[in-house]
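**Student:** Have a look at this one.
Please treat every number below as a calculation from the coordinates, not as lab data. Values in this document were obtained by computation on a predicted structure and should not be read as measured data. Cβ: placed from backbone, ideal geometry, glycine included. Neighbour counts: every protein chain shown.
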DNA sequence: ATGGTGACGACACCAAGTGTCATCACGCCT
DNA sequence: AGGCGTGATGACACTTGGTGTCGTCACCAT
């Protein structure tokens, strides 16, 4: 079987999504995923650092959108304004067509602890990236960490609502709502 | 309550700490840890769910202190007050004698991604527990999540300073400082 | 063609976990 | 004291994730 078609990585992602949805993360082996994709186990690990990573391939782009929007926000913008701009920019990664995919992905992650661990690490990396970007704007540390944490919470809230079948609004709108709610809660808490 | 050679779990934790400090997490095998403890690989996995877990054994107690303090806070206490009480209660787990141990543990974790993943998951579990406890007090959701996130950030800040050799204050004092800084930053951000 | 480059397959190998059964120390009962 | 049950451990085989290494084959530029 010496043939090799293009899109190996995408085929692996697709095969993984299907198989993990059918059988769950633990009951599906890497060998079975690669078999479905017409490849071998070794090739899987050339494209993904480990089995979990096949479900977290868009993260890099998300970081860049966040960081870019924060450092690119107007100089007059406050830390929270910059966070708001970041959420706005992030909306580009979550068009309505990707909602069903995101839902499936979340269903798989919800069923396995290893995947949740990976997700938590990605969250922390994103938060750290936001803190770094805010610092580049001159925001000092207690405020930078707090703003990043707030942004992360707003993002997770918006994402959870976006994935929820009960809602039909666009991500950007949900993000604006979540951030607004958190801002008012913040002023009430102090 | 069987007492065989006794202390199997503690011996495993001690052997693991030593070996992981010497060689790092990835270059030390479970078989080597158990060999040092005078036990077998199988026994290790009867005491710990996986290799990572040997470094996270005190977490259960921490959760209980947090939750207990939050639900046990006086009815007049605000959400932030309850968080403050939780941090105060958590100080019991971090006496000065445990500082060196904590430092070593953090050094090992800092050197390996899997361990950081586990730590992030524990953080998230703690945050979720705090949200649950706050809800029991009648705190509703945007505020509960925000307060829990704030508490987590204060805790991490205090812990980082407590472990830092440059500081010599007690954990409770560092926690009060961190929470106070975050409260003022919160009022400035809104 | 011709040779170089990069992606893939084949194979061996290590380490993390798990299932299963045997064994051995201890407390308890008579 | 001696037998019994229980729970912790050892022994061993097995699966799966993940890596190192080498060979092979398509593609491209010369």
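**Student:** Between residues in region B:21-41 that are closer than 21 Å to residue B:114 by Cβ and more than 14 Å from chain A (Cβ to nearest Cβ) and residues that are part of a loop (DSSP other than H, G, I, E, B) and within 11 Å of DNA strand D (Cβ to nearest atom), which pairs lie under 6 Å by C-beta distance while being six or more apart or on different chains?
**Tutor:** Correct list of pairs: B:34/B:40.
**Student:** Anything in region B:28-50 that is outside any helix (DSSP H, G or I), within 18 Å of residue B:109 (Cβ to Cβ) and in contact with a helix residue (DSSP H, G or I) (Cβ under 7 Å, 6 or more places away or on another chain)? List them, or say none.
**Tutor:** B:28, B:48
**Student:** So residue A:19 passes all but one of these: (1) in contact with a helix residue (DSSP H, G or I) (Cβ under 7 Å, 6 or more places away or on another chain); (2) surrounded by fewer than 17 Cβ atoms within 10 Å (Cβ to Cβ). Which condition number does it fail?
**Tutor:** For residue A:19, the failing item is (2).
**Student:** Within region A:126-142, restricting attention to residues that are in contact with a helix residue (DSSP H, G or I) (Cβ under 7 Å, 6 or more places away or on another chain) and closer than 24 Å to residue B:122 by Cα, which residue is nearest to the other protein chains (Cβ to nearest Cβ)?
**Tutor:** Taking region A:126-142 as the starting set, the residues that turn out to be in contact with a helix residue (DSSP H, G or I) (Cβ under 7 Å, 6 or more places away or on another chain) are A:126-127, A:129-131, A:133-137, A:139, A:142.
Checking which are closer than 24 Å to residue B:122 by Cα leaves us with A:126-127, A:129-131, A:142.
Numbers: A:126: 11, A:127: 10, A:129: 15, A:130: 13, A:131: 11, A:142: 4 Å.
Within region A:126-142, the match that is nearest to the other protein chains (Cβ to nearest Cβ) is A:142.
**Student:** State which residue is nearest to DNA strand C (Cβ to nearest atom) when the search covers only region B:51-90 and only residues that are assigned to a loop (DSSP other than H, G, I, E, B) and away from chain A (no Cβ under 14 Å).
**Tutor:** Checked region B:51-90; the qualifying residue nearest to DNA strand C (Cβ to nearest atom) is B:57.
**Student:** For region B:147-175, give me each residue that is buried (at least 18 other Cβ atoms within 10 Å of the Cβ) and touching a residue at least 40 places away in the same chain (Cβ under 8 Å).
**Tutor:** B:147, B:148, B:150, B:151, B:154, B:155, B:158, B:159, B:162, B:163, B:171, B:175
**Student:** Checking residue B:11 against (1) away from DNA strand D (no atom under 11 Å from the Cβ); (2) free of Cβ contacts under 8 Å to residues at least 60 places away in the same chain; (3) within 22 Å of residue B:103 (Cα to Cα), only one condition comes out false. Which one?
**Tutor:** Answer for residue B:11: the failing condition is (1).
**Student:** While we're here: Which residues, counting only those in region B:78-117, are within 18 Å of residue B:148 (Cα to Cα) and in contact with a helix residue (DSSP H, G or I) (Cβ under 7 Å, 6 or more places away or on another chain)?
**Tutor:** Going through region B:78-117, the residues within 18 Å of residue B:148 (Cα to Cα) turn out to be B:78-91.
Hits for region B:78-117 are B:79, B:80, B:82, B:83, B:84, B:85, B:86, B:87, B:88, B:89, B:90, B:91.
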